[in-house]
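Okay, structure first, notes after.
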Amino acid sequence: MNQIFDIDINIMENADLDIIKDIEIKCKNNESLTDDEVLYFLSYISYKVRYLLAKSKNEVIENYNFSGDCTNAQVILKYYFDDLSLKAIPVQTNRIFFNVLQHSFIIVYLLQNGDLTPYIVDPTYNQFFDISKCLASRYVFKDDFVIQTPDPGYFILKSDEESQEIIKKFLKFGFMKLDNDNACVYGDSFYFTQIGLPKKTYNVLSSLKGLYVKFFLQSNFEVSKDRHFLKKNNLLLEPLANFKNYNKKV
């Protein structure tokens with residue numbers, strides 16, 4: 001797997017499942033999580049989604065780029081977070097921006113240090129960083145209009161060092177806090193994949209900056225697959241905590 005950044009994705013095959021179970025119960029009870037608990041929890045969940053996706057394709061997780069897996073990842077996450085009574089918003093890029101590369105991800109709210117905090121969870125963003133698809137030569141023009149662009153990784157390479165560091169960490173762990181800075185770097189990488197633009201303007205698109213958070217949170221997209229699909233394809237991620245006959249703590 002030849003990618004523009006040399007990133008070792010986070011592997012948590014030896015995670016402490018008792019910690020995960022305790023966090024799940026806290027989420028179900030609407031109890032606040034610490035910073036460390038949020039980091040551990042989302043790191044593990046992103047790892048598990050990546051593990052399930054790679055296993056479904058008989059691939060080794062460390063060498064798999066998750067191409068075409070964003071929809072399945074989104075569905076896995078949506079049902080898992082629903083089981084924990086967490087607010088999870090499915091987002092699809094081409095429902096927000098016109099004529100951009102289609103990609104699906106989830107925004108989940110966690111009660112962190114007493115405040116509801118949104119996170120982008122996207123374990124498959126790595127698929128857009130293959131060297132061969134992040135070249136200027138990937139631009140294709142017809143009748144002076146853009147009909148193909150490089151993948152989002154190309155635009156990350158053109159960004160500043162701080163933005164690249166944000167994305168490198170995101171690629172490793174599969175999630176990041178939804179704030180203006182993070183959303184701008186992430187959102188720009190899709191916004192700049194617009195096709196149908198005149199050739200003379202394709203390289204002077206302006207960032208939407210602070211608008212991305214608002215756009216993402218206003219998404220009304222619904223997942224396209226159900227729990228039966230996940231079970232049938234061995235992709236269902238169920239809470240470790242047993243919530244059968246569960247009475248929420250009051």
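The values are calculated or read from the model by the stated rules, or taken from the named source; none is laboratory data. Bear in mind that the values here come from a model prediction, so they are computed numbers and not experimental data. All Cβ positions, glycine included, derive from the backbone under ideal geometry; neighbour counts span all protein chains shown.
Filtering segment 93-110 to residues that are touching a helix residue (DSSP H, G or I) at 6+ places or on another chain (Cβ under 8 Å) and either part of a strand (DSSP E or B) or modelled with pLDDT of 95 or more (or both) leaves THR93, VAL100, LEU101, GLN102, HIS103, SER104, PHE105, ILE106, ILE107, VAL108, LEU110. Just one residue in the set ILE4, ILE11, ILE45 is under 30 Å from ILE131 (Cα atoms) and crowded, with 21+ Cβ neighbours inside 10 Å; that residue is ILE45. Filtering segment 193-225 to residues that are farther than 23 Å from LYS133 by Cβ and among the polar types (S, T, N, Q) leaves SER206, GLN218, SER219, ASN220, SER224.
Being surrounded by 17 or more Cβ atoms within 10 Å (Cβ to Cβ) and touching a residue at least 24 places away in the same chain (Cβ under 8 Å) is a property that ILE131 lacks.
Being crowded, with 18+ Cβ neighbours inside 10 Å, over 16 Å from SER189 (Cβ atoms) and in contact (Cβ under 8 Å) with a residue 40 or more places away in the chain is the filter here; which residues of segment 87-107 pass it? Answer for segment 87-107, where residues must be crowded, with 18+ Cβ neighbours inside 10 Å, over 16 Å from SER189 (Cβ atoms) and in contact (Cβ under 8 Å) with a residue 40 or more places away in the chain: ILE89, PRO90, ILE107.
Residues in segment 130-150 that are over 15 Å from SER67 (Cα atoms) and either in a strand (DSSP E or B) or in contact with a strand residue (DSSP E or B) (Cβ under 9 Å, 6 or more places away or on another chain) (or both): ARG138, TYR139, VAL140, PHE141, LYS142, ASP144, PHE145, VAL146, ILE147, GLN148, THR149. Determine, yes or no, whether GLU222 is in contact with a Pro (Cβ under 7 Å, 6 or more places away or on another chain) and surrounded by fewer than 16 Cβ atoms within 10 Å (Cβ to Cβ). So GLU222 fits the description; yes.
To keep it simple, each residue is scored yes or no on (1) under 30 Å from LYS199 (Cα atoms); (2) not aliphatic (A, V, I, L, M).
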| site | (1), (2) |
| --- | --- |
| ARG50 | no, yes |
| GLU59 | no, yes |
| ALA73 | no, no |
| GLN92 | yes, yes |
| PHE128 | yes, yes |
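So that you can scan it fast, the table gives a plain yes or no per residue for (1) under 20 Å from the mean Cα position of the chain (by Cα); (2) hydrophobic (A, V, I, L, M, F, W, C):
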residue: ALA15; (1), (2): no, yes
residue: ASP18; (1), (2): no, no
residue: ASP22; (1), (2): no, no
residue: PHE41; (1), (2): yes, yes
residue: LYS48; (1), (2): yes, no
residue: ALA54; (1), (2): yes, yes
residue: PHE66; (1), (2): yes, yes
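Within segment 135-144, the set of residues being over 18 Å from ILE4 (Cβ atoms) and either over 30 Å from the mean Cα position of the chain (by Cα) or without any contact (Cβ under 8 Å) to a residue 40 or more places away in the chain (or both) comprises VAL140, LYS142, ASP143, ASP144. Looking at segment 187-208, which of its residues are surrounded by fewer than 13 Cβ atoms within 10 Å (Cβ to Cβ) and either touching a strand residue (DSSP E or B) at 6+ places or on another chain (Cβ under 7 Å) or at positive phi (or both)? Once the filter is applied, which keeps residues that are surrounded by fewer than 13 Cβ atoms within 10 Å (Cβ to Cβ) and either touching a strand residue (DSSP E or B) at 6+ places or on another chain (Cβ under 7 Å) or at positive phi (or both), segment 187-208 yields GLY196, PRO198.
Scanning segment 68-75 turns up one or more residues that are under 15 Å from the mean Cα position of the chain (by Cα) and acidic (Asp, Glu). Mind listing just one residue for me: the one in segment 48-63 that is hydrophobic (A, V, I, L, M, F, W, C) and surrounded by fewer than 21 Cβ atoms within 10 Å (Cβ to Cβ) and, of those, farthest from PHE105 (Cα to Cα)? Looking at residues that are hydrophobic (A, V, I, L, M, F, W, C) and surrounded by fewer than 21 Cβ atoms within 10 Å (Cβ to Cβ), I get VAL60.
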